[in-house]
Every structure is written in C-alpha cells, then in structure tokens.
Amino acid sequence: MEQHRNRLEALRQEALLGGGEKRKEAQHAKGKLTARERINLLLDPDSFEELGMLVKHRSTNFGLDKQQFLGDGVVTGYGKIDGRLVYVFSQDFTVLGGSLAEAHAKKICRVMDLAMQNGAPVIGLNDSGGARIQEGVVSLGGYADIFYRNVRASGVVPQLSAVLGPCAGGAVYSPALTDFIFMAEGTSYMFVTGPNVVKTVTHEEVSSEDLGGAKAHSTKSGVTHFTGRNEAEVIQHIKKVLSFLPQNCEEEPLKLAYEPSDESRAKLDAVVPENPQQPYDMRSVIQEICDDGTFTEVQKDYAENMVIGFARLAGNSIGVVANQPAFLAGVLDIKASTKAARFVRTCDAFNVPLLVLEDVPGFLPGTDQEWNGIITNGAKLLYAFSEATVPRVTVITRKAYGGAYDVMNSQHIGADLVYAWPTAEIAVMGAKGAAEIIFKREIANADDPEAMWKEKEAQYAEMFAHPYNAAARGYVDEVILPRNTRAKLIKAFEMLRNKVDTLPRKKHGNLPL
Ligand code: HXC
C-alpha cells in the first residue's frame, strides 16, 4: 500500500504545481491569484472536493504531447459557501494560459451536469487565453458544449461568472449566458475581438482596458453586474449575491432570522421635495425601507436612472427595481428598460419577490431612442413584469406618468398590490405639458399667454397630480404615509408568501428581443 500511496501523492503534488512556480510568480506579479487560491477564498474551509485532478489532454499537435499538466488547466469540483453546496470551476492561467480545449472543456461540462442533476449553483472563475490554438476545432467544440449547458441550466440553477483575467473571442459567451458577471478592476477584460483586430478593421486605437476592462463593462456596456477593486472583493460579491438566491428554481431563497421592532420610518416623510421638479436619491428610500445595510446594488454604474438590486425585508430576500429621480429625472430609456427587464426575469426565475419603487416622468423622447428601438426595448420590461409570477408590490412615491405608469408593475400587468404616497402624481403626463396640449387655443388667444398657461397648469395639477383618481378606480390599493411604507410592505409580502400563479401552457413566450 505504501508504494501506491506514494505514487498517488506524487501525482497529487504534480497537479498542485499547475504550470510551475515561475508561472505562479508571474501570475502574482500581475496582481492575480492562482486558480486554487481563488477557490480557497471562495469556499468554506476544507469543503472543496476536487474532481478530475489527474485529467490530461490527448493532443500531440505542435509538441503539446511534451506539455502535459495534470488537470489540464482547470480546477473543478464542489464545495460549500456558507454551508450551501456549490459547484465550481477555476481556470489556471499558469497552464497553457488557461486555454480551453477538449479535456479542459469536458471537466467544466462535468461539474455543470452534476450541478443540474443535484440542483445547486455553478460558479465559474474564468482566466483564460481562450480556445487552445494548438488543439484547433476541438477547442471550439468544447466551448459550444459549455454554451449549450449554460443555456439548458439557465433559470434552473444560479450560474455566476467571475472574469479574473483575459476573456476573449467566443469565450465571452459562456459568462454572457450566465446570471451574473463579476470583474476585477485592472486585471480582467472581456471582448469579442481584441485591440489588434479592432485596429485592423476599424482603425480605432484602443487599449484592452478601455475596450473591455471592468470600468468599460460596468459603465458603458452594462455587461458586468459587479466589479471589485481586487479579486478578494470580487469573491465577496459572489458570496453576497448567492446569499439572496435559492439553490435552484424549485426552492425558496433563505430567510434570515428577524426580530420585529418599530417598523415606522419617519425620515421617509421628508424625502420627496415640495417642488416636483427637484430630484432626490431613491437609494435613500430603498435603504430606509429595507433591513439595515442589506441593499446590494446590481449594475450600479450603468443606466443609473434605474436602480436594481437585492435586499432583505424582515429577513426575506427581495429584488428591488426603482426609478432614480436623481439621474435623468428617472426617465425610462433603452438601457434602463433592458437593465430592469433582465433583473425582473432573474428574480422571477429564482423565486425572489419584487418590490418596485416608482417615480418616472415617462419614456425618453428623441430620434436616438426611437431609432435604437425604445419600442422593442421598453416592451421587454413590460413583458418581464407581465410574465413574472413571484409576489410583486409597487410603491408610487411621486410621478407615474404615461406608458411608464403601466410598465412599472401596475396592477393592470399583474402587480399584487400597489401603494401610493400622498405625493404621487398619476396621470397621462405632467401638468405643464398637458395644459399646453389641451388648452393650446386658449393660451394662444390669451392677453397674457404665460399667465394663462400657469392657470391651466394649476387646474390640470389640481385635477390629476395626485393619487386619488387612481385610488378611486382601485388601481392604487392604498394611499399610505411614507413613514408606514416598511411596515405595510412587511405585511404585504408576508400575505403574498404562498402566492400561486402559473402562466398559460405554452412552449415558451416570445420575448421581444
Ligand atoms: C494556447 C495559449 C493561449 C491560447 C495563451 N497561451 N493563450 N496557449 N492557446 N489561446 C499560452 C502562451 O503561449 C503562454 O505559454 C501562456 O499561455 C501565457 O501567455 P502570455 O502570452 O505569456 O501571457 P500574457 O502576456 O499575460 O498574455 C495573455 C493573452 C495572450 C493576452 C491571453 O496570451 C493572448 O493574446 N493569447 C491568445 C488569445 C487568443 O487569440 N485566443 C484565441 C481567441 S479566439 P507559456 O508556455 O509561455 O507559459 C477564441 C475562440 C473561442 O477563443 C470561440 C468559442 C466560440
């Protein structure tokens, strides 16, 4: 037995070496951790069970047979985060640049298959030069095998992708098919074609960082949902997001212990300014309503006119979707609509109830929006809310104008409850614009058109800039004082806890993509 044990131990030690000390040092010098160091940070101590540690590639192309590394550049297995089962793969850049080919891809597919069979999240830690050039088409096949599984697992188990190094070419599409992407500032980048190809094709000069770094994808493209100042912070974000999600679509998210106390929040009474044109920060409303310090914003630097994120309310996980009057007056545009639509669908897929906070002046007008498809993109949000079967509650804090009133989780598209603050203005449009249209002739013919406009505006505001017409129709279930919002919502979500809602039988809907 001694001899067998020694042989096994020697192989294990060889696998643990990865691409060797020199390459590990190079990895550290770039400010990056190794594949195993990342797994150690991610998982509960001593919980990692590695699978396929001794896997080798079978290629002999271009001298690859002389470059054999046990594990073939990816560490795979399962373990626990906060005591809950997860599957993980972590690409090892020290081995052939973490490049992906047949054996490497097979290892990833294996943990994805196990995750699906056993109903637990998959976390991918990506750090790779892409398709292993020497292995040719089997590398492309390997990627496609992963993409296929990403799609089949979508909405069944949570899939989280950290990009912790290069991620180029078609390799970006596996992360893109998962639920959340996380990037580290300064060391991660994602693009379909790198700076050299960009220069050849479009003559643009751009660095990797500017083209596809964490900042570009968190502010310009919205591709990444979270960025961290370093890898440790990225890993903390992953754990946080997982804590709000269930293990799979058949389960509920974890409820944390909660001691009821005084739920009144007097500060909320002073949030909405007297002047309806004046902005305020919707984040302060979210923070007052939700359990202290639990709000975890998603895509916080992208489409800032829409705030989305996870939080807890009386210990329960909820998804928050809120217009942000402090940015572009909270207007609905293409980016805000798609950002919110995606989040609504993610929450709905994983049984996370939705809280909508509404203060929206309408859809953004203009050729840019129309020609880029605000119709199709705005419809995505309408579709996502209408289709969602999780409990969903809306609070209208101020403006709910026009089509945006309908779209932002109105009762008409299936909200379970709609509350309005007394400051709510629920109308076809703002009083100023409305007066200009309805009283065009009177204003034009008046001795003092400006004074007439003001008078008509006041008349319209008196008639419509409040929540009581909507309340009279029952479109608003209750007009509540802001200070009581948290208490009302705790009761509302508790009441909706056993909600059952099913969609009509179909193969699948036809979301306006
Ligand atoms: C095989 C690779 C590799 C690859 C890197 N290496 N990329 N080996 N296939 N795709 C190896 C290098 O030879 C080197 O080996 C080691 O990994 C580290 O690479 P360096 O270049 O020294 O590191 P660095 O300077 O940090 O640059 C990293 C890099 C660069 C930016 C990723 O290596 C690079 O540009 N690689 C090629 C990227 C690429 O074009 N991939 C194909 C994309 S197309 P040694 O032995 O020296 O340590 C694609 C299609 C997927 O992925 C399609 C799916 C649908």
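The values are calculated or read from the model by the stated rules, or taken from the named source; none is laboratory data. Because the structure is predicted, anything quoted here is derived from the model rather than measured. Using ideal geometry, Cβ is built from the backbone for each residue, glycine included, and neighbour counts are taken over all protein chains shown. Note: accessible area is taken over every heavy atom of the protein model, side chains too, but ligands, DNA and RNA are not part of it. Shrake-Rupley method; radii C 1.70, N 1.55, O 1.52, S 1.80 Å.
Quick one: in region 145-161, which of the residues that are β-branched (Val, Ile, Thr) and open to solvent by 10 Å² or more (accessible area, probe 1.4 Å) is farthest from Ser99 (Cα to Cα)? Break it down into steps so the answer makes sense when it comes.
So in region 145-161, the residues β-branched (Val, Ile, Thr) come out as 146, 151, 156-157.
From the residues that got through so far, the ones that are open to solvent by 10 Å² or more (accessible area, probe 1.4 Å) too are 151, 156.
Values: Val151: 22, Val156: 28 Å.
Among those residues, the one meeting the criterion is Val156.
Go through region 162-208 and give me each residue that's among the aliphatic types (A, V, I, L, M), open to solvent by 30 Å² or more (accessible area, probe 1.4 Å) and not in a loop (DSSP other than H, G, I, E, B).
Ala168, Ala176, Leu177, Val197, Val201
Does Lys380 count as touching a residue at least 60 places away in the same chain (Cβ under 8 Å) and within 29 Å of Glu274 (Cα to Cα)?
no
Looking for whichever is open to solvent by 70 Å² or more (accessible area, probe 1.4 Å) and modelled with pLDDT under 95 here; the options are Lys456, Lys440. Which one fits?
On the way: Lys456 fails: open to solvent by 70 Å² or more (accessible area, probe 1.4 Å).
Lys440 is the lone residue from the list that is open to solvent by 70 Å² or more (accessible area, probe 1.4 Å) and modelled with pLDDT under 95.
Applying the selection to region 480-507, what residues are crowded, with 17+ Cβ neighbours inside 10 Å and out of contact with any Ser or Thr (no Cβ under 7 Å at 6 or more places or on another chain)?
Ile480, Pro482, Thr485, Arg486, Lys488, Leu489, Ile490, Ala492, Phe493
Can you name the residue in region 86-102 that is in a strand (DSSP E or B) and not hydrophobic (A, V, I, L, M, F, W, C) and is also nearest to the ligand (Cβ to nearest atom) among such residues? Please lay out each step first, then the result.
Here is the first cut: in region 86-102, the residues in a strand (DSSP E or B) are 86-91, 100.
Still in the running and not hydrophobic (A, V, I, L, M, F, W, C): 87, 90-91.
Details: Tyr87: 22, Ser90: 16, Gln91: 11 Å.
Filtering first and then ranking leaves Gln91.
If a residue must be among the small types (Gly, Ala, Ser), closer than 17 Å to Ala15 by Cβ and more than 31 Å from the chain's Cα centre (by Cα), how many such residues does region 53-96 contain?
1
Checking the structure you have, find out if any residue of region 286-305 is more than 25 Å from Ile396 (Cα to Cα) and among the β-branched types (Val, Ile, Thr).
Quick first cut of region 286-305, residues more than 25 Å from Ile396 (Cα to Cα) only: none.
No, region 286-305 contains no residue that is more than 25 Å from Ile396 (Cα to Cα) and among the β-branched types (Val, Ile, Thr).
Determine the pairs where a residue that is surrounded by fewer than 21 Cβ atoms within 10 Å (Cβ to Cβ), located within region 102-113, has a partner that is among the β-branched types (Val, Ile, Thr) and in a helix (DSSP H, G or I) with Cβ atoms under 8 Å apart, the partner being 6 or more residues away or on another chain.
From residues that are surrounded by fewer than 21 Cβ atoms within 10 Å (Cβ to Cβ), the pairs are Glu102/Val138; Cys109/Ile146.
Checking the conditions here, which among Leu489, Leu481, Leu511, Leu496 is over 30 Å from Gln287 (Cα atoms) and in contact (Cβ under 8 Å) with a residue 40 or more places away in the chain? Give the steps one after another, and end with the answer.
Values: Leu489 fails: over 30 Å from Gln287 (Cα atoms); Leu481 fails: over 30 Å from Gln287 (Cα atoms); Leu496 fails: over 30 Å from Gln287 (Cα atoms).
Result: Leu511 is the single residue among Leu489, Leu481, Leu511, Leu496 that is over 30 Å from Gln287 (Cα atoms) and in contact (Cβ under 8 Å) with a residue 40 or more places away in the chain.
Does region 246-259 contain at least one residue that is part of a loop (DSSP other than H, G, I, E, B) and in contact with an Asp or Glu (Cβ under 6 Å, 6 or more places away or on another chain)?
yes
List every residue pair whose Cβ atoms lie under 9 Å apart, where the two residues are 6 or more positions apart in sequence or sit on different chains, the first residue falls within region 359-370 and is in contact (Cβ under 8 Å) with a residue 40 or more places away in the chain, and the second residue, located anywhere, is of a type in the set (Phe, Trp, Tyr) and open to solvent by less than 50 Å² (accessible area, probe 1.4 Å).
Asp359/Tyr280; Val360/Tyr401; Val360/Tyr405; Pro361/Tyr401; Gly362/Tyr401; Gly362/Tyr405
In this structure, does Met53 turn out to be surrounded by fewer than 24 Cβ atoms within 10 Å (Cβ to Cβ), away from the ligand (no atom under 16 Å from the Cβ) and not in a loop (DSSP other than H, G, I, E, B)?
When the stated conditions are applied, Met53 does not pass them.
Okay, residues lined up against (1) touching a residue at least 60 places away in the same chain (Cβ under 8 Å); (2) open to solvent by 10 Å² or more (accessible area, probe 1.4 Å); (3) out of contact with any Cys (no Cβ under 7 Å at 6 or more places or on another chain); (4) within 28 Å of Gly430 (Cβ to Cβ):
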site	(1), (2), (3), (4)
Asn230	yes, yes, yes, no
Ile238	yes, no, yes, no
Tyr258	no, yes, yes, no
Ala270	no, yes, yes, yes
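Given the conditions (1) at pLDDT 95 or above; (2) of a type in the set (A, V, I, L, M, F, W, C); (3) open to solvent by less than 30 Å² (accessible area, probe 1.4 Å); (4) farther than 16 Å from Phe493 by Cα, which single one is not true for Val356?
In the conditions (1) at pLDDT 95 or above; (2) of a type in the set (A, V, I, L, M, F, W, C); (3) open to solvent by less than 30 Å² (accessible area, probe 1.4 Å); (4) farther than 16 Å from Phe493 by Cα, Val356 misses (4) alone.
Determine which single condition His412 fails, assuming it passes every other condition in (1) over 23 Å from the mean Cα position of the chain (by Cα); (2) open to solvent by less than 10 Å² (accessible area, probe 1.4 Å).
(2)
Scan region 156-177 and report the pairs whose first residue is on the phi > 0 side of the Ramachandran plot and whose second residue is within 8 Å of the ligand (Cβ to nearest atom) and in a strand (DSSP E or B), with Cβ atoms within less than 7 Å and a gap of 6+ or a chain change.
Filtered contacts from region 156-177: Gly169/Ala131.
Name the single residue, out of those in region 118-143 being open to solvent by 10 Å² or more (accessible area, probe 1.4 Å), within 30 Å of Ala232 (Cα to Cα) and in a helix (DSSP H, G or I), that is farthest from the ligand (Cβ to nearest atom).
Looking at the filtered set, the residue picked out is Asn118.
Within region 275-295, which residues are closer than 17 Å to Phe343 by Cβ, open to solvent by 20 Å² or more (accessible area, probe 1.4 Å) and not in a helix (DSSP H, G or I)?
Of everything in region 275-295, those that are closer than 17 Å to Phe343 by Cβ, open to solvent by 20 Å² or more (accessible area, probe 1.4 Å) and not in a helix (DSSP H, G or I) turn out to be Thr294, Phe295.
Out of Lys66, Lys106, report the one residue that is within 13 Å of the ligand (Cβ to nearest atom) and charged (D, E, K, R). Before the answer, list the steps.
Working: Lys106 fails: within 13 Å of the ligand (Cβ to nearest atom).
Just a single option satisfies the conditions, and that option is Lys66.
Restrict the check to region 19-42 and report whether at least one residue is more than 29 Å from the chain's Cα centre (by Cα), part of a loop (DSSP other than H, G, I, E, B) and within 16 Å of the ligand (Cβ to nearest atom).
The answer is yes; a qualifying residue exists.
Tell me which of these Ala341 doesn't satisfy, since it passes every other one: (1) more than 21 Å from His237 (Cβ to Cβ); (2) without any contact (Cβ under 8 Å) to a residue 60 or more places away in the chain; (3) more than 13 Å from the chain's Cα centre (by Cα).
Tallying (1) more than 21 Å from His237 (Cβ to Cβ); (2) without any contact (Cβ under 8 Å) to a residue 60 or more places away in the chain; (3) more than 13 Å from the chain's Cα centre (by Cα), Ala341 fails exactly one: (3).
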